[in-house]
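The values are calculated or read from the model by the stated rules, or taken from the named source; none is laboratory data. These numbers were taken from a predicted model, which means no experiment stands behind them. A quick note on method: Cβ atoms are made from the backbone with ideal geometry, for glycine too, and the neighbour counts reach across all protein chains shown. All accessible areas refer to the heavy atoms of the entire protein, side chains included, with ligands and DNA or RNA removed. Shrake-Rupley method; radii C 1.70, N 1.55, O 1.52, S 1.80 Å.
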Amino acid sequence: MIFIYSKISEAKKQALYERAVPIGQAYFMKYYGANIIFTKYELNTPVTEDIVLYGYLKEDQQIQVSLSININTLEPRNAMGSHDFIIKRNPPLE
């Protein structure tokens, strides 16, 4: 799926966000054993090909996380959060 970046409507952005959320939730569950509530997103096309999801750990709203997902492949690319949370990734990144 290739997007024409400058022509993404707000409805398509919202649809992309809704497709990305379960991918992000599955990523954090698989690698961190964590339930994440995503609350917002950022889509900076044409600067990047990623949608960035922002949210928090369901059990502790103080633990904020984000995850970038490639909008063409829907593959997670980069998880961010507090150091104490991110180092719990299993298996660890090399």
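The table below lists the values:
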item: Any pair with Cβ under 7 angstrom, 6 or more apart, that starts in the stretch 77-94 at a residue that is in a loop (DSSP other than H, G, I, E, B) and ends at one that is β-branched (Val, Ile, Thr); result: SER82/ILE63
item: Every residue from the stretch 28-39 that is open to solvent by 20 Å² or more (accessible area, probe 1.4 Å) and in contact (Cβ under 8 Å) with a residue 40 or more places away in the chain; result: TYR31, TYR32, GLY33
item: Matching option when the condition is surrounded by 10 or more Cβ atoms within 10 Å (Cβ to Cβ), out of contact with any strand residue (DSSP E or B) (no Cβ under 7 Å at 6 or more places or on another chain) and not aliphatic (A, V, I, L, M), among ASP50, ASP60, ASP84; result: ASP60
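Let's see how each residue does on (1) farther than 17 Å from ARG89 by Cα; (2) open to solvent by less than 20 Å² (accessible area, probe 1.4 Å); (3) part of a strand (DSSP E or B); (4) touching a Pro at 6+ places or on another chain (Cβ under 8 Å):
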| residue | (1), (2), (3), (4) |
| --- | --- |
| TYR17 | yes, no, no, no |
| ALA20 | yes, yes, no, no |
| ALA26 | no, no, no, no |
| TYR41 | yes, no, yes, no |
| TYR54 | yes, no, yes, no |
| VAL65 | no, yes, yes, no |
